[in-house]
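Inspection log for the structure reproduced underneath, given as structure tokens.
The values are calculated or read from the model by the stated rules, or taken from the named source; none is laboratory data. Given the structure is predicted, the values throughout are model-derived calculations rather than measurements. So basically every Cβ, Gly included, is an ideal-geometry build from the backbone, and we count neighbours across all protein chains shown. Note: areas computed on protein heavy atoms with side chains; ligands, DNA, RNA excluded. Shrake-Rupley method; radii C 1.70, N 1.55, O 1.52, S 1.80 Å.
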Amino acid sequence: MISLAGRQFKSPGPVASAFMADRQHRVRDILGPVGGGKTVTCMHDLLANAALMPVCKDGLIHFRGVAIRDTYDRLEKTTIATWVQWVPKDLGEWTGGGGRAASHKLNFEVQRGGRTYRIAFEMLFAAVGDQAAEDFARGFEVTACWLNEKDRLSRDLPTHMLGRIGRYPSVDMLPPGVTYRDFMIGDLNAPDIDDWFYLDCEENPPEGYKLYKQPSGRSPRAENLHNLKPGYYEGLLEANKNNPKWIKRFVDAQYGPSDDGEPVYPEYSDDLHLAREPIRPIKNLPLLIGVDAGLQRPAAVICQMRPTGQWLVLGEVVPGRCGSQRFCEALKLEIAALAQLAGVPRLEIEAIYSDPAGFTGADREGGELAWSDRVMMEMQHPVMATDTNELEPRFSAVRDELTYMIDGMTPALLVSPRAKMIRKGFASHYRYQKQQVGNGTRTSDKPEKNDFSHPHDALQYVMLGKKGRYSVTSNTRAGRSDRDRARSSAPSSCAAVRDGGWNW
């Protein structure tokens, strides 16, 4: 708890608390829905960390932070407006603002180790405006940096600001050998999946980085509800019921789909179907693999199916344009990496499923092998064709798992972060493409063929192959009863675990 000017801060929830408690990562971000309390969490994170700083030679604790926005208008109306609700301008020395940079200097006390120390705290507020990130960052000498609405800032600003933190207090202000922790924090609503933030912080996070994600505003685990009026999110859902993309980003805290098309699987949710850590394969449970020739861009998806009926998408192989030999080498390497993750010498393969078209196009009388035949030879394992390559049964095989909850609480399909193309395809890029027709647009009736469609084709083949066309196309309840019987026979020690690290 932090108390300022008679107001006491209460953490919005477990995710916000974990974000504030993190002393390990130099760069941290918190992503969540509107109303999630992210801005207030960040400002109190700065105040809390100031209280942990070392004492300087003059007997004071010194801390200087900077809050950065994209424009001065937004800086004034949102960042500064929230700050002064908790830390009024007359509580210290306020200068600037009103369309230009501002500074708030505070002096307050902290109890530590039975002693009282005074903190000389300064908070700077600045906006990038039309400046280049490199030019804007020059001149700052701060302890820590807060990037408010981080996704609205330029891609290279975090890099330049990392060189400006840890500059205050200076070395000559500290006792010999004493150091302190510098850091950068950020907050944001979920941007579109093509935004630089997704590429840099989700797909390729740097060393020393941690992203904290709050649940959807309509989740039972939603945060900051104690500070929102009753029915807050219900009102947003009703007001934006015709704008599902807005709801996905600003209520469900999910990355928005690309504007270039409509996702094939709108049922997918990172919050529900994505494991938070790479899934460790289950020992002694064989692998199920789907492969797709992919117009000379082959792909594979590696899965396991737990005794409960839950599908685990463990990994993928998308090596780009290559022949069957190089593709199979990449597939073997991924299987070996998964075995290492599981802590076993090797993982057995139960079945490999392929598009029926993968067995055509060869001059068999002349001794030619079709693509799937060559994969079978390289992998030294039979490759089976699915019953059909019609789109609807393939879609149903996957969609059926996305929309089912085992025991009402465990997702029937869980994707490992290792399967980046599968995840991004689910979220947006496995899509029906928008096409220009006259003065308007229409959506294609078949998914766009792109780098994401090939691994998703492979996923469809393995699910359709394992379940069989009849199970997928027959009455759903009848098909489900077979799976429910399989679940009921599973050992009770196979507890449903969402985030990987299964224990048997």
Next item on the list: Mind listing just one residue for me: the one in segment 241-273 that is touching a Leu at 6+ places or on another chain (Cβ under 8 Å) and touching a residue at least 12 places away in the same chain (Cβ under 8 Å) and, of those, most open to solvent (accessible area, probe 1.4 Å)?
Entry: Glu267
Checklist line | Test for Ala50: is it surrounded by 21 or more Cβ atoms within 10 Å (Cβ to Cβ) and closer than 30 Å to Gly129 by Cβ | finding: yes
Check: Counting only residues that are open to solvent by 30 Å² or more (accessible area, probe 1.4 Å) and assigned to a loop (DSSP other than H, G, I, E, B), how many does segment 12-33 have?
Finding: 4
Checklist line | Restricting segment 89-114 to residues that are among the small types (Gly, Ala, Ser) and outside any strand (DSSP E or B), the residue that is farthest from Val142 (Cα to Cα) | finding: Gly114
Notebook entry, point to check: Which numbered condition trips up Pro345, out of (1) exposed (fewer than 14 other Cβ atoms within 10 Å of the Cβ); (2) in a strand (DSSP E or B)?
Noted result: (2)
Checklist line | Wholly enclosed strands (runs of 3 or more DSSP E) of segment 411-504 bearing at least 1 residues touching a Phe, Trp or Tyr at 6+ places or on another chain (Cβ under 6 Å) and either at pLDDT 95 or above or polar (S, T, N, Q) (or both) | finding: 413-415, 440-447
Next item on the list: Answer with yes or no whether Arg221 is out of contact with any Cys (no Cβ under 6 Å at 6 or more places or on another chain) and surrounded by 19 or more Cβ atoms within 10 Å (Cβ to Cβ).
Entry: no
Check: Which members of segment 54-71 meet the condition of being open to solvent by 10 Å² or more (accessible area, probe 1.4 Å) and either free of Cβ contacts under 8 Å to residues at least 12 places away in the same chain or part of a loop (DSSP other than H, G, I, E, B) (or both)?
Finding: Pro54, Lys57, Asp58, Gly59, Leu60, Asp70, Thr71
Checklist line | Filter result for the condition that a residue is over 33 Å from the mean Cα position of the chain (by Cα) and modelled with pLDDT of 90 or more, over Pro382, Pro393 | finding: Pro382
Note to self: For a quick check of your reading of the model, give me the residue pairs whose first member lies in segment 120-149 and is more than 13 Å from Ala67 (Cβ to Cβ) and aromatic (Phe, Trp, Tyr), whose second is in a loop (DSSP other than H, G, I, E, B) and open to solvent by 10 Å² or more (accessible area, probe 1.4 Å), with beta-carbon atoms closer than 6 Å and at least 6 apart or on different chains.
What the structure shows: Phe136/Val128
Next item on the list: Check off (1) touching a helix residue (DSSP H, G or I) at 6+ places or on another chain (Cβ under 6 Å); (2) over 25 Å from Gly32 (Cβ atoms); (3) free of Cβ contacts under 8 Å to residues at least 60 places away in the same chain for Ser154 and give me the number that stays unchecked.
Entry: (2)
Margin query: Can you go through Val110, Val15 and tell me which one is β-branched (Val, Ile, Thr) and more than 24 Å from Leu236 (Cβ to Cβ)?
Written below: Val110
